[in-house]
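Colleague: Handing you a structure now.
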């Protein structure tokens with residue numbers, strides 16, 4: 001019921017207009033989304049860099065409906081890469097292939113993402129292919145493996161989700177390729193046949209995949225706010241003699257800022273995923289719809305950080 005409510009709200013343009021003009025709603029959203037323009041996103045990245053934190057910019061707006069829209073999104077990513085380079089920021093970009101036209105045609109998607117990757121290579125930077133629901137896992141990995149990674153081995157990486165049963169095998173394939181992986185738990189609602197329904201199993205698979213990537217992978221991004229998993233990673237790195245520049249922790253913009261800063265103080269690398277754009281309201285509603293528990297997660301982390309800051 002709650003999930004359907006969030007999905008319904010995400011498609012209500014009247015509600016969207018009201019929320020965008022509501023001061024309290026915009027204030028809450030600003031905690032998790034770095035504004036509506038590239039300028040506001042760049043300002044957020046600059047502030048993170050000043051704290052010793054790197055960033056990954058993501059323009060909100062997932063699947064597109066026509067070729068012109070997909071090409072325009074690719075143009076915006078090219079502009080993002082140019083801006084990052086011109087301002088000498090420590091940041092890369094994250095992009096969903098559906099935003100490049102994956103649902104329209106393979107040829108269009110390849111043309112658009114290739115243009116983005118060519119600009120990334122020109123600037124000597126990096127593009128992360130974000131992962132969506134399980135329907136996109138195989139098409140995304142297939143395109144990455146067959147076409148994108150061979151052409152841009154230094155400039156493109158993937159995301160793997162530990163709640164999928166297939167991920168341990170995908171980790172081994174990524175190690176064989178030598179590609180960069182961002183490991184996260186996954187937020188989409190999936191059937192038990194393909195995804196672990198229990199949090200304990202998702203966490204256990206994350207820990208197993210994490211350690212394989214830390215030992216044998218190519219500079220993995222460990223994307224989690226779970227303090228137990230972060231502590232496990234730190235313990236494992238020390239036990240195995242892994243230097244802190246062999247991997248990085250990753251977190252979402254606005255979530256556990258206290259923990260982000262603590263990890264940097266402790267000598268670890270930290271990257272923050274920075275979403276921005278006019279589609280922040282549908283973005284938040286869809287994230288909450290995918291897992292209504294995200295409501296408690298977001299609010300709980302704000303409260304937790306607030307309490308810790310008062311100590």
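Here, each number is a calculation from the coordinates, and none is a lab measurement. Only a predicted model underlies this, so the values are computations on that prediction, with no experimental measurement involved. Virtual Cβ from ideal backbone geometry, glycine too; neighbours counted across all protein chains shown.
Colleague: Would you give the gap between the C-alpha center of the stretch 247-263 and the C-alpha center of the stretch 178-231, rounded to a whole Å?
Modeller: 16 Å
Colleague: Return one quarter of the surface area of the convex hull spanned by the alpha-carbon atoms of the stretch 34-276, equal to its mean projected area, in nm².
Modeller: Working: hull surface 49.3 nm².
In nm², the orientation-averaged hull projection of the stretch 34-276 is 12.3.
Colleague: Determine, for each peptide in 187-196, 154-163, the mean count of other beta carbons within 10 angstrom over its residues, then list the peptides with the highest first. List each step's numbers first, then the result.
Modeller: Details: 187-196: 14.8, 154-163: 22.7.
Order by mean packing, descending: 154-163, 187-196.
Colleague: For the stretch 217-271, taking Cα atoms only, what is the radius of gyration to one decimal and the Dmax to the nearest whole Å?
Modeller: For the stretch 217-271, the Cα radius of gyration and maximum Cα-Cα distance read 10.6, 32 Å.
Colleague: Another question, if that's okay. Gain in length, residue 199 to residue 43, computed as 0.36 nm per residue apart minus the alpha-carbon separation, to one decimal in nm?
Modeller: Working: separation 156, 0.36 × 156 = 56.16 nm, distance 3.57 nm.
Extending this stretch completely gives an extra 52.6 nm.
Colleague: Something else now. Over the stretch 34-276, what is the mean sequence separation of C-alpha contacts under 8 Å (at least six apart), divided by residue count, expressed as relative contact order in percent?
Modeller: On the way: 398 pairs, mean separation 49.4, N = 243.
That works out to 20 percent.
Colleague: When the distances between all Cα atoms of the stretch 119-215 are binned every 5 Å from zero, what whole-number percent does each bin get?
Modeller: 3, 13, 25, 23, 18, 11, 5, 2, 0
Colleague: Apply 1/(1 + (r/R0)^6) to the Cβ-Cβ distance of residue 173 and residue 75, taking R0 = 41 Å, and write down the FRET efficiency to the nearest 0.05. All intermediate terms of the calculation are to be shown ahead of the outcome.
Modeller: Numbers: r = 32 Å, r/R0 = 0.79.
Here the calculated transfer efficiency is 0.80.
Colleague: Taking Cα pairs under 8 Å and at least six residues apart, what relative contact order does the stretch 121-262 come out at, in percent? Show your work: numbers first, answer last.
Modeller: On the way: 187 pairs, mean separation 28.4, N = 142.
Contact order relative to length: 20 percent.
Colleague: While we're looking at this one, here's another question. Label-point separation (nm) for residue 240 and residue 146, each offset 7 Å from Cα along Cα-to-Cβ?
Modeller: About 3.2 nm separates the two model spin labels.
Colleague: Report the residues of the stretch 172-196 in range of a label on residue 138: point 7 Å along Cα→C-beta, backbone N strictly under 16 Å from it.
Modeller: Taking a point 7 Å out along Cα→Cβ of residue 138, the residues of the stretch 172-196 whose backbone N falls under 16 Å are 191, 193-195.
Colleague: Hey, what did the stretch 72-200 get for relative contact order, percent, Cα under 8 Å, at least 6 apart? Don't jump to the answer; show the numbers that get you there.
Modeller: Numbers: 155 pairs, mean separation 26.0, N = 129.
It comes to 20 percent, rounded to a whole number.
Colleague: When the Debye formula is applied to the Cα atoms of the stretch 49-90, each taken as the same point scatterer, what base-10 log of I(q)/I(0) results at q = 0.19 Å⁻¹?
Modeller: -0.66
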